[in-house]
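Let me begin by handing over the structure; questions about it come next.
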Amino acid sequence: MSAVPNAAAKAAVAESLYRRRRLMNHLALGLASAATLFGLFWLVWILWTTLLNGISALAPSLFYEMTPPPGETGGLANAFFGSIVMSLLAIAMGTPIGILAGTFLAEYSRRSWLGETIRFINDILLSAPSIVLGLFVYTLLVKPMGHFSGFAGAVTLAFIVLPVVVRTTDEMLKLVPSQMREAALSLGIPQWKVTVQVLYRSALPGIVTGVLLALARISGETAPLLFTALNNQFWSHDLAAPMASVPVVVFQYAMSPYDSWHSLAWAGAFMVTVFVLAISLIARAIVARRKVAND
Amino acid sequence: MSTEHALPAGAIAQRPDALASRSQRDLSADRAFRWLVTGAGIFVLVSLFAAALSMLWGGRAAFSTFGIDFLTTTDWDAVGKKFGALVPIYGTLVTAAIAMIIAVPVSFGIALFLTEVAPPWLRTPVASAIELLAGIPSIIYGMWGLFVFVPVMSTTVIPFLTTHLGPLPIFGPLFQGPPLGIGMLTAGIVLAIMVIPFISSVMREVFLTVPTRLKESAYALGSTTWEVAWNVVLPYTRSAVIGGIFLGLGRALGETMAVTFVLGNAHHLTASLLMPGNSIAATIANEFSEADSDIYVSSLIALGFLLFIVTFVVLAIAKLMLMRLSRREGN
């Protein structure tokens with residue numbers, strides 16, 4: 001007789017436990033969804049602000065007038081030119097070394113301690129604060145030369161390009177099927193020719209993606225340029241002299257008290273954001289197309 | 001080259017010396033290429049250590065003049081040429097801590113949403129959108145922070161915090177002060193937004209590596225989705241999750257531009273999170289071009305050296321933790 005109320009009590013306990021677990025589950029999953037909305041909220045807010053302020057500040061004169069003195073109107077032509085020159089030079093310096101080092105990791109040092117160490121150090125370089133690289137190039141180039149220069153800026157950016165290209169080259173070469181290497185080597189082709197003419201060709205889209213991602217990363221880079229390329233209010237194509245760049249001008253103008261400088265800063269910020277996002281989308285598209293082609 | 005390929009086998013056999021010289025040439029070309037790629041690999045290795053050594057060299061005047069006082073005093077006097085790094089060190093640690101307190105739970109939530117909760121068609125677009133946040137240059141975060149977020153903080157959030165949290169006994173002093181908007185709390189929040197995509201994408205990737213069998217066993221025993229996530233997925237991926245968190249911490253410690261805009265560049269040590277402060281990276285960015293004496297420049301480079309050492313250790317821990325999971329996966 002006493003078993004019946006006992007069973008009922010047990011059932012009640014089980015029911016309340018079940019309800020508590022269900023509640024906990026709903027609560028946790030609800031919070032997870034809220035966290036995602038929280039993340040997307042900032043993305044939308046930041047992009048919206050940049051778009052709104054940037055578009056209202058856009059004008060054709062941005063592209064042919066120089067950066068103005070305080071309180072006057074002008075453009076960003078010299079800053080655009082400086083950014084393009086330094087970025088291209090950085091890509092030109094960083095990419096070949098990066099591809100070769102990535103080749104070393106993927107093809108010449110599999111499972112060796114040297115390869116593992118380099119891969120480890122490269123991953124740290126990839127996330128290292130860029131300001132540190134700026135100080136490094138300052139002591140390496142600017143201090144001995146005695147003045148800031150566009151060349152020093154390009155070298156700093158090249159050190160940011162390098163680990164990105166090393167990483168993507170390493171990963172893309174590892175994806176190349178080993179039958180391809182074996183087939184080429186069995187024809188008696190020397191290994192360097194196999195690497196350059198077979199493996200690079202197969203890994204090319206991936207490597208291009210890596211270079212594009214590196215370009216996206218350096219085109220918004222500000223901090224390391226402050227102690228290497230500095231800034232220049234005038235048009236300058238002299239790599240031995242200080243050189244303007246869009247991010248540094250944006251920084252200087254945004255921190256100023258002048259409204260006309262603020263609107264130029266927003267225009268620069270808008271251009272950089274659009275450029276970076278467009279490059280990232282192109283890089284993604286290349287990767288996606290490659291996936292489809294391989295399937 | 002192509003003509004040699006076209007030669008019939010017999011023709012080569014008649015010219016053994018040509019064959020030998022060709023294989024000799026291939027051999028030396030191979031050797032040269034090997035040296036080239038090895039040199040490039042070692043260049044990567046050397047550049048990191050060269051960066052560390054060059055900053056140690058550049059900061060030697062500061063280290064030898066101030067000794068251990070450089071780390072423990074708060075003076076930052078360009079005229080009197082006395083420099084102590086305690087304020088920027090404190091600011092760096094506090095802002096990074098605020099960022100991690102916000103970013104870690106949010107990133108875990110996002111990763112959980114993207115792997116367990118969201119319908120499959122929603123996962124890829126949302127994940128790409130979150131990753132887009134990581135692609136926005138840090139100077140944009142800084143401008144947005146200064147022009148848009150700081151006014152919101154000073155008119156709404158900070159008055160709310162001072163009236164509701166300010167009078168509390170222990171935590172109170174953290175939330176007292178004038179509603180300036182710029183300060184360590186604002187910088188911490190902006191940093192949190194910046195590191196969320198890094199931490200959540202690592203977490204998402206490692207959550208996807210959990211074997212389906214393991215999760216299905218737990219579901220078969222009657223576990224809820226949350227219980228599977230908390231008791232199966234998280235323990236299985238623990239080391240990589242910690243690695244992802246340290247990766248985000250490394251970013252937060254070294255982030256420069258966003259923090260420079262909203263931190264206020266003030267060399268005072270205050271308990272309040274609402275007051276302006278300074279961080280290592282922001283101090284260097286703000287003051288480097290104004291540094292007029294050798295000892296000033298040297299102190300700033302010494303700060304950079306400290307930042308480098310700290311981020312190196314944090315990122316090395318991150319990497320080792322991430323490697324532990326992938327080794328278990330058998331890669």
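The values are calculated or read from the model by the stated rules, or taken from the named source; none is laboratory data. Here the structure is a predicted model, which means the values were calculated and not measured. Positions of Cβ are backbone-derived with ideal geometry, glycine not excepted, and every protein chain shown enters the neighbour counts.
Out of the stretch A:35-49, which residues are of a type outside the set (Ser, Thr, Tyr), closer than 15 Å to B:Ala118 by Cβ and within 7 Å of another protein chain (Cβ to nearest Cβ)?
Passing the criteria: A:Ala35, A:Phe38, A:Gly39, A:Leu40.
Scan the stretch A:177-199 for residues that are part of a helix (DSSP H, G or I) and at positive phi and jot them down.
Taking the stretch A:177-199 and keeping what is part of a helix (DSSP H, G or I), we get A:178-186, A:191-199.
Listed by number, the list is empty, since nothing qualifies.
I need the full set of residues from the stretch B:24-48 which are facing chain A (nearest Cβ under 7 Å) and small (Gly, Ala, Ser), in order please.
Going through the stretch B:24-48, the residues facing chain A (nearest Cβ under 7 Å) turn out to be B:26, B:29-30, B:33-34, B:36-38, B:40-41, B:43-45, B:47-48.
Scanning the stretch B:24-48 gives B:Ala29, B:Ala40, B:Gly41, B:Ser47.
Right, another one. Look at the stretch B:280-331 and say how many of its residues are more than 11 Å from chain A (Cβ to nearest Cβ), touching a residue at least 60 places away in the same chain (Cβ under 8 Å) and outside any helix (DSSP H, G or I).
Selection size over the stretch B:280-331: 3.
Out of A:Ser280, A:Ser202, A:Ser260, which single residue is part of a helix (DSSP H, G or I), within 11 Å of chain B (Cβ to nearest Cβ) and either among the hydroxyl-bearing types (Ser, Thr, Tyr) or surrounded by fewer than 17 Cβ atoms within 10 Å (Cβ to Cβ) (or both)? If you could, list the steps in order and put the result at the bottom.
Values: A:Ser202 fails: within 11 Å of chain B (Cβ to nearest Cβ); A:Ser260 fails: within 11 Å of chain B (Cβ to nearest Cβ).
That would be A:Ser280, the only listed residue that is part of a helix (DSSP H, G or I), within 11 Å of chain B (Cβ to nearest Cβ) and either among the hydroxyl-bearing types (Ser, Thr, Tyr) or surrounded by fewer than 17 Cβ atoms within 10 Å (Cβ to Cβ) (or both).
In the set A:Thr156, A:Thr168, which member is closer than 17 Å to B:Gly135 by Cβ and of a type in the set (S, T, N, Q)?
From the options A:Thr156, A:Thr168, the qualifying one is A:Thr168.
How many residues does the stretch B:103-130 contain that are surrounded by fewer than 21 Cβ atoms within 10 Å (Cβ to Cβ), part of a helix (DSSP H, G or I) and among the hydrophobic types (A, V, I, L, M, F, W, C)?
Number of matching residues: 5.
Here's something else I'd like to know. Condition first: out of contact with any Ser or Thr (no Cβ under 8 Å at 6 or more places or on another chain) and polar (S, T, N, Q). Now tell me which residues in the stretch B:66-107 satisfy that.
Across the stretch B:66-107, the qualifying residues are B:Thr72, B:Thr73, B:Thr74.
Just a yes or no: is a residue in the stretch A:94-102 over 30 Å from B:Phe246 (Cα atoms) and not charged (D, E, K, R)?
Initial filter on the stretch A:94-102 (over 30 Å from B:Phe246 (Cα atoms)): A:96.
This time we only want the ones that are not charged (D, E, K, R), so: A:96.
Within the stretch A:94-102, one or more residues are over 30 Å from B:Phe246 (Cα atoms) and not charged (D, E, K, R).
Which count do you get for residues in the stretch A:115-124 that are facing chain B (nearest Cβ under 7 Å) and either surrounded by fewer than 24 Cβ atoms within 10 Å (Cβ to Cβ) or not in a helix (DSSP H, G or I) (or both)?
The first filter runs over the stretch A:115-124 and keeps only residues facing chain B (nearest Cβ under 7 Å), leaving A:117-118, A:120-124.
Narrowing further to those that are either surrounded by fewer than 24 Cβ atoms within 10 Å (Cβ to Cβ) or not in a helix (DSSP H, G or I) (or both): A:117, A:120-121, A:123-124.
Count: 5.
Output the number of residues of the stretch A:210-231 satisfying the condition of being assigned to a helix (DSSP H, G or I), within 17 Å of A:Gly134 (Cβ to Cβ) and facing another protein chain (nearest Cβ under 8 Å).
Looking only at the stretch A:210-231, we keep the residues that are assigned to a helix (DSSP H, G or I), and these are A:210-219, A:223-226.
Checking the rest, the ones that are also within 17 Å of A:Gly134 (Cβ to Cβ) come to A:214, A:217-219, A:223-226.
Okay, now just the ones that are also facing another protein chain (nearest Cβ under 8 Å), so A:219, A:223, A:226.
Of the residues in the stretch A:210-231, 3 are assigned to a helix (DSSP H, G or I), within 17 Å of A:Gly134 (Cβ to Cβ) and facing another protein chain (nearest Cβ under 8 Å).
Follow-up question, since we're still on this one. Tally time: how many residues in the stretch B:131-161 are surrounded by 23 or more Cβ atoms within 10 Å (Cβ to Cβ), within 7 Å of another protein chain (Cβ to nearest Cβ) and either farther than 19 Å from A:Ser280 by Cβ or at pLDDT below 90 (or both)?
Number satisfying all stated conditions: 1.
Also: A:Leu173 versus (1) within 10 Å of chain B (Cβ to nearest Cβ); (2) crowded, with 22+ Cβ neighbours inside 10 Å; (3) under 28 Å from B:Ser28 (Cα atoms): which is the lone unmet condition?
In the conditions (1) within 10 Å of chain B (Cβ to nearest Cβ); (2) crowded, with 22+ Cβ neighbours inside 10 Å; (3) under 28 Å from B:Ser28 (Cα atoms), A:Leu173 misses (1) alone.
Still on this structure: Got a number for residues in the stretch B:59-102 being buried (at least 23 other Cβ atoms within 10 Å of the Cβ), in a helix (DSSP H, G or I) and either among the basic types (Lys, Arg) or modelled with pLDDT under 90 (or both)?
Adding up the residues that qualify gives 1.
Which of the residues belonging to the stretch A:98-143 are basic (Lys, Arg) and in contact (Cβ under 8 Å) with a residue 12 or more places away in the chain? If you could, list the steps in order and put the result at the bottom.
Start the filter on the stretch A:98-143 by keeping residues that are basic (Lys, Arg), which leaves A:110-111, A:119, A:143.
Matches in the stretch A:98-143: A:Arg119 only.
In the stretch B:182-231, what residues are assigned to a helix (DSSP H, G or I), of a type in the set (S, T, N, Q) and either over 21 Å from B:Phe261 (Cα atoms) or within 11 Å of chain A (Cβ to nearest Cβ) (or both)?
Applying the first criterion (assigned to a helix (DSSP H, G or I)) to the stretch B:182-231 yields B:184-208, B:212-220, B:225-231.
Within this subset, residues satisfying the condition of being of a type in the set (S, T, N, Q) are B:186, B:200-201, B:212, B:217, B:225, B:231.
Correct list: B:Ser200, B:Ser201, B:Thr212, B:Ser217, B:Thr225, B:Asn231.
Something else now. Here is a list: A:Pro60, A:Pro69. Which entry is out of contact with any Phe, Trp or Tyr (no Cβ under 7 Å at 6 or more places or on another chain) and in contact (Cβ under 8 Å) with a residue 60 or more places away in the chain? If you could, list the steps in order and put the result at the bottom.
Details: A:Pro60 fails: in contact (Cβ under 8 Å) with a residue 60 or more places away in the chain.
Within the list A:Pro60, A:Pro69, the selection yields A:Pro69.
Filter the stretch B:188-221 down to the residues that are of a type in the set (D, E, K, R) and surrounded by 15 or more Cβ atoms within 10 Å (Cβ to Cβ), then identify the one that is farthest from B:Phe246 (Cα to Cα).
First pass over the stretch B:188-221, keeping only residues of a type in the set (D, E, K, R): B:204-205, B:213, B:215-216.
Applying the additional criterion that residues be surrounded by 15 or more Cβ atoms within 10 Å (Cβ to Cβ) yields B:204-205, B:215.
Values: B:Arg204: 15, B:Glu205: 16, B:Lys215: 26 Å.
The extreme case among them is B:Lys215.
Would you mind finding the one in B:Thr237, B:Thr256, B:Thr270 that is facing chain A (nearest Cβ under 10 Å) and among the β-branched types (Val, Ile, Thr)?
Of B:Thr237, B:Thr256, B:Thr270, the one residue that is facing chain A (nearest Cβ under 10 Å) and among the β-branched types (Val, Ile, Thr) is B:Thr256.
Oh, and also: List the residue pairs whose Cβ atoms are under 6 Å apart, where the first residue sits in the stretch A:221-242 and is surrounded by fewer than 24 Cβ atoms within 10 Å (Cβ to Cβ), the second is β-branched (Val, Ile, Thr), and the two are 6 or more positions apart or on different chains.
A:Asn231/A:Val248; A:Gln233/A:Thr67
Exactly one of (1) surrounded by fewer than 15 Cβ atoms within 10 Å (Cβ to Cβ); (2) at the interface with chain B (Cβ under 9 Å from one of its Cβ atoms) is unmet by A:Pro60. Its number?
Here A:Pro60 meets the rest and fails (2).
Considering every residue within the stretch B:165-175, establish whether at least one is in a helix (DSSP H, G or I) and free of Cβ contacts under 8 Å to residues at least 12 places away in the same chain. Don't jump to the end; show me each part of the working.
To start, the set of residues in the stretch B:165-175 that are in a helix (DSSP H, G or I) comprises B:172-175.
Checking which are free of Cβ contacts under 8 Å to residues at least 12 places away in the same chain leaves us with B:172.
Within the stretch B:165-175, one or more residues are in a helix (DSSP H, G or I) and free of Cβ contacts under 8 Å to residues at least 12 places away in the same chain.
Exactly one condition in (1) in contact with a Gly (Cβ under 7 Å, 6 or more places away or on another chain); (2) in a helix (DSSP H, G or I); (3) surrounded by fewer than 20 Cβ atoms within 10 Å (Cβ to Cβ); (4) not acidic (Asp, Glu) is not met by A:Ile84; state its number.
With (1) in contact with a Gly (Cβ under 7 Å, 6 or more places away or on another chain); (2) in a helix (DSSP H, G or I); (3) surrounded by fewer than 20 Cβ atoms within 10 Å (Cβ to Cβ); (4) not acidic (Asp, Glu) applied to A:Ile84, the lone miss is (1).
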